[in-house]
Amino acid sequence: MVRSADAVVVGGGVIGVSTLYHLAARGARDVVLLERDTLGSGSTAAAAGGFRAQFSDEVNIRLALRCIDAYQRFQAEFDIDIGFRQTGYLFLLRAEEEPHFRTALRLQQSMGVPARIVPVDEALRHVPGTSPDGLSAATYCPIDGLATPHAVVQGYAAAARRLGARIVQHEAAREILVRDGRVVGVRSAQGEIATPLVVLASGVWSPELARTAGIDLPVTAERRFVHYVASDGGLPERTPLTIDFATGLYFHREGAGLIVGGPWATPEELAPVAVQRLPFLADLGVANTWSGLYEMSPDHNALVGRCDEPAGLLYATGFSGHGFQQAPGIGEYLADLALDREPELDLSALSLRRFTDQLSRPELHVV
């Protein structure tokens, strides 16, 4: 049982292990991560593994470019294959969706993102067999792509351990202990850990724990479902992660088959929407289905920052489906805040304070 630490990270998903690693890499000597189950067993386990620079919010675009670079270097730095592949993202659009995507595209291009608008016939060459019904255009970005969340979690965890960090699994945090306006520890089922610093990175479970410290995190859980089709349906190996934006349907190649995802819990619920866009799915069966939880914030942007009171409490939640792809940069930022270093990437616009200051900044491109 750990009795004390210089810092405790709560949550063993990709955000938590990234933060743990970056704390240790910046010289924090006694850092501990508590995970109620096993590493990566929560929302990270169900993540599709996509990453993209096609956002509407400038902060998300800057963060995306930093994180794509980090994932591109990941194997060389951590000696683990994360399945990094830049097959692109393809957004299929109706006419009413084009204006705000074109506005976002101009912002992306001004920041060096090689995204572009493409006509429907060109878009469908990327995804043969896809129906053009109702589509007016698409956007495509070749630097977007996919990686394997489990491998990223293991890479960060192993590197953190090599630097002396401790990871305690099957240990649920129950309460953040506060005295005189400061964090003084964490209580778990096994006892108390004295610490002046807690980083709360436990996804949809963060609000419950934050309330024990008097903090209200406006995060709600939304379930998303993933269906695995054991045939590729003729789609090429380098099929982009394709999103039918109006319906929320997305699909991509996964090994010899396909991943098809969205808010539909069963193959029967999925079928009408999926077959309308991918007619060949009518002849294919769903081999497996699983689900995970999106941690939704009111404006669909992450909640990341440091509390004024209690001092010593940091938080990272509300990623609204973007946690995996933003994990490298978020871990860096939290570690810098925790250690009173000047962050290289300014993410202060994502702090909880934006809601009390009426500076909400909606992200429009949420799947």
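Only the coordinates and a few stated rules stand behind these numbers; no lab work does. Predicted, not measured: the structure shown is a model, and the values here were computed from it. Heads up, the Cβs are rebuilt from the backbone with ideal geometry, glycines too, and the neighbour counts pull from every protein chain shown.
In the chain, helical runs assigned H by DSSP with n ≥ 4 each contribute -39500 (n - 2.57); averaged across all residues and rounded to the nearest 500, the mean residue ellipticity at 222 nm is -9000 deg cm²/dmol.
Across region 113-121, rounded Karplus estimates of 3J(HN,Hα) from the backbone phi angles (6.51 cos²θ - 1.76 cosθ + 1.60, θ = phi - 60°) give 7, x, 7, 8, 7, 10, x, 4, 4 Hz, Gly and Pro being marked x. An oblate overall shape is assigned to region 303-367, the ratio a/c of its alpha-carbon gyration tensor axes (a ≥ b ≥ c) being 1.5 or greater and a/b not exceeding b/c.
Using θ = phi - 60° in the Karplus curve 6.51 cos²θ - 1.76 cosθ + 1.60, the 3J(HN,Hα) couplings for region 44-53 round to 4, 5, 9, 5, 6, x, x, 9, 7, 9 Hz; x is entered for Gly and Pro.
By the count of other C-beta atoms within 10 Å, a proxy for reagent exposure, ILE15, ILE61, ILE215 are ordered fewest to most as ILE215, ILE61, ILE15.
If R0 is taken as 41 Å, the Cβ-Cβ distance between ALA189 and THR266 corresponds to a FRET efficiency of 0.70.
For region 280-287, putting each phi into the Karplus relation 6.51 cos²θ - 1.76 cosθ + 1.60 with θ = phi - 60° gives couplings of 5, 5, 4, 9, 10, x, 7, 8 Hz, in residue order, rounded to whole numbers and with x for Gly and Pro.
List the residues whose amide H sits under 5 Å from the amide H of SER4, counting only those 5 or more places along or on another chain, with H placed 1.01 Å from N in the peptide plane. Those qualifying (amide H under 5 Å, at least 5 residues apart or on another chain) are ALA194. Only one item in [x] 62, 41, 38; [y] 83, 39, 38; [z] 61, 49, 42 matches Cα extents along the principal axes in Å derived from the coordinates shown, and that item is [x]. For LEU364, nonlocal amide neighbours, meaning residues 5 or more places apart or on other chains whose placed amide H falls under 5 Å from its own, are SER56, ASP57. Within region 178-225, none of the GluC sites (Glu not before Pro) combine a DSSP coil assignment with at most 11 other C-beta atoms in a 10 angstrom radius.
Counted by neighbouring Cβ atoms within 10 Å, the residues MET111, MET296 run from fewest to most as MET111, MET296. Residues whose amide H comes within less than 5 Å of that of LEU33, counting only those at least five positions distant or on another chain, are VAL9, ARG166, ILE167, VAL168 (H built at 1.01 Å from N in the peptide plane).
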